[in-house]
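Since the structure comes first, as structure tokens, the remarks are kept for the end.
Values in this text are rule-based calculations from the coordinates and carry no lab data. As the structure is a computational prediction, the values presented were derived from the model and not from experiment. Cβ: placed from backbone, ideal geometry, glycine included. Neighbour counts: every protein chain shown.
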Amino acid sequence: MGTTLQHHFVTDYTSTRTSVWKKFIAWCVGQEKNRLGWLATAIMLHGCVLTIITMFAIITTGNHFIFWPFTIAAMGMTLVVNLAAMPTKITIPVFFLSVLIDIVIIAICLLNGFDISATYV
């Protein structure tokens, strides 16, 4: 009679995909050699351009007090992590978060509409 063959199949169902966040953090770690460039970009772009635009948007849309602490905190957290010489895996995400906060504030101000008469109080 014929012999019986038994085949054993071993399958590995572990996922080899990495999340977008882990890829982003790995990219941030790879940017350590460009640390001073990121520091200069964060302080110059955020401090000299984006915060000024955000403050202008707040003032020209009624000068609502609720936006001021968020604007100051966004600039402050970028400045603090850069002056504390944190690694780029911390400074770059904090910089992007602070830019996101400012963009959201500007978008809310644009949705509220401009009210120049509020600046002459």
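The residues of region 30-84 that are of a type in the set (Val, Ile, Thr) and outside any helix (DSSP H, G or I), listed by number, are Thr61, Ile66.
When region 56-79 is limited to residues that are over 13 Å from Val99 (Cβ atoms) and crowded, with 20+ Cβ neighbours inside 10 Å, the one that is nearest to the chain's Cα centre (by Cα) turns out to be Phe67.
If you go through region 66-84 and keep only what is within 21 Å of Trp38 (Cβ to Cβ) and of a type in the set (Ser, Thr, Tyr), you end up with just Thr78. Filter region 19-29 for residues that are of a type in the set (A, V, I, L, M, F, W, C) and in a loop (DSSP other than H, G, I, E, B) and give the result. Residues satisfying the conditions do not exist here.
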